[in-house]
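Each remark here refers to the structure printed beneath this line.
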Amino acid sequence: MDVDVASADAGSIADLWDRLTGTQPDPPWWLVILVGLLALGAVVHGPTWRVARNVVTIAHEGGHALIALATGRKLDGIKLHSDTSGVTVSRGKPHGPGMVFTAMAGYLTPPLLGLLFALLLAGGRVTLMLWFSLALLAGMLVMIRNVYGVASVVATGALIFGVSWFGGDKTQAGFAYLAAFFLLFAAIRPVVELQRMRARHMAPSSDADQLAHLTGVPGLAWVGLFAAVSLVSLLAGAALMAPDASSLPDLPLLPGV
């Protein structure tokens, strides 16, 4: 009996590993287009954006935290707030490459993460993309230092886990493509909002202005870098996830064509 149970457990782990590292079928063309439009709508529709922007904040602050650790800084904690703002506190030299890269990471993480997701999805790695997201959220959760932040990360992780564990192939693929498209589209709007606030002198301690103080490079140049990376990531990610031409339906020719 014990041998049978052990064999069953080993088989389940092997099946899970195979699914995690294997490939899943591409979603139908109409689903890719639909979730792309939904992602764009979530960014341009104000009330939806005010809720969905929490996902961008999680990625933004997670980027600060990851690079702070990678450059040898001590991470004190992360706070996420209900107004979709956030703060990541780290300790170390107040200047130098570590501080510069940490400050740069916030606005660069959402588009680059979206591009990474697009690369995984282009290779059919839907489940891997979803579970990689869960791993990132789990690593971030241990550094959250306020109740709202914990609730935001746990809720996001629970949604991803529910889709990846209980959803069928089409549901998982649709959700994964929606997440990737959303990060790519959503990365641009905070950069626009950042420059608008800077123009009104409402963000004197923004990431761009901190970078200007650290490097001597004008804040507007850093905003331009954030915008360029977001735009290039969007174009590249959209191209990777675009339905293959062979999967599109044949359109009837117009009379006389």
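Excluding same-chain neighbours fewer than eight residues apart, the lysines reachable from residue 93 by a Cα-Cα span under 23 Å are 74, 79.
Peptide packing for 87-97, 232-242 was compared via the average number of neighbouring C-beta atoms within 10 Å per residue; ordered from the highest value, the list is 232-242, 87-97. Spacing of the modelled spin labels on residue 85 and residue 132, each 7 Å from Cα toward Cβ, amounts to 3.3 nm.
Using Cα pairs closer than 8 Å and at least 6 residues apart in sequence, work out the relative contact order for the chain, in percent.
On the way: 313 pairs, mean separation 67.8, N = 257.
Once normalised by length, the contact order is 26 percent.
When you work out D = kT/(6 pi eta Rh) for segment 11-142 at 20 °C and 1.002 mPa s, using the Kirkwood radius from C-alpha pairs as Rh and the Stokes-Einstein form, the result is 127 µm²/s.
When the chain is described by a simple charge dipole with +1 on each Lys and Arg Cβ and -1 on each Asp and Glu Cβ, the residue from 178, 243, 22 located farthest towards its positive end is 178.
Dipole of segment 33-117 computed with +1 at Lys/Arg Cβ and -1 at Asp/Glu Cβ about the Cα centre; of 38, 72, 106, farthest Cα towards the positive end is 72. Rolling a 1.4 Å probe across the protein heavy atoms gives segment 95-171 an accessible surface of 46 Å² per residue.
Annotation for segment 97-135 versus segment 11-59: alpha-carbon center distance of 13 Å.
Label segment 109-166 by shape, choosing from rounded, prolate and oblate, from the square roots a ≥ b ≥ c of the eigenvalues of the Cα gyration tensor; if a/c is under 1.5 it is rounded, and otherwise prolate applies when a/b is larger than b/c, oblate when it is not. Because a/c hits 1.5 or more and a/b fails to exceed b/c, segment 109-166 counts as oblate. By its C-alpha gyration tensor, with a ≥ b ≥ c as the square roots of the eigenvalues, how is segment 71-205 shaped: rounded for a/c under 1.5, else prolate for a/b larger than b/c, else oblate? Judged from the Cα gyration tensor, segment 71-205 comes out prolate (a/c at least 1.5, a/b above b/c). For the chain, adding -39500 (n - 2.57) for each run of n ≥ 4 DSSP H residues and dividing by the number of residues yields -24500 deg cm²/dmol at 222 nm. Each Lys and Arg Cβ is given +1 and each Asp and Glu Cβ -1; about its Cα centre, segment 143-207 then shows a dipole of about 260 debye.
To the nearest 0.05, how large is the calculated FRET efficiency for residue 242 and residue 74 if R₀ is 30 Å and r is the Cβ-Cβ distance? Could you put the intermediate results ahead of the total?
Numbers: r = 43 Å, r/R0 = 1.42.
Efficiency computed from Cβ-Cβ geometry: 0.10.
Rolling a 1.4 Å probe over the protein chains gives residue 104 an accessible area of about 30 Å². Under the simplified labelling scheme, the residue 151-residue 201 pair shows an inter-label distance of 3.7 nm, with each label point 7 Å from Cα along Cα→Cβ. In a simple Cβ point-charge model (Lys, Arg +1; Asp, Glu -1; nothing else charged), segment 25-112 has a dipole of about 360 debye relative to its Cα centre. Within the chain, the whole DSSP H helices whose Cα atoms reach 30 Å or more along their own axis and whose mean Kyte-Doolittle score is at least -0.5 are 46-70, 97-122, 219-241. Charging the Cβ of each Asp and Glu at -1 and of each Lys and Arg at +1, and nothing else, the dipole of the chain about its Cα centre rounds to 1220 debye.
So if I take the alpha carbon set of segment 171-238, get Rg, then get Rh from the Kirkwood formula, what is the Rg over Rh ratio?
Values: Rg = 14.6 Å, Rh = 13.1 Å.
Taking Rg over the Kirkwood Rh, I get 1.11.
A value for mean projected area of the Cα convex hull in nm² was derived from the coordinates, and within the list (i) 14.4; (ii) 19.1; (iii) 18.2 it appears as (ii). Label sites at residue 44 and residue 169, each approximated as a point 7 angstrom past Cα along Cα to Cβ, lie 3.3 nm apart.
The values are calculated or read from the model by the stated rules, or taken from the named source; none is laboratory data. All figures in this text were calculated on a predicted structure; none of them were measured in a lab. A quick note on method: Cβ atoms are made from the backbone with ideal geometry, for glycine too, and the neighbour counts reach across all protein chains shown. These area figures cover heavy atoms from the full protein model, side chains too; ligands, DNA and RNA do not enter into them. Shrake-Rupley method; radii C 1.70, N 1.55, O 1.52, S 1.80 Å.
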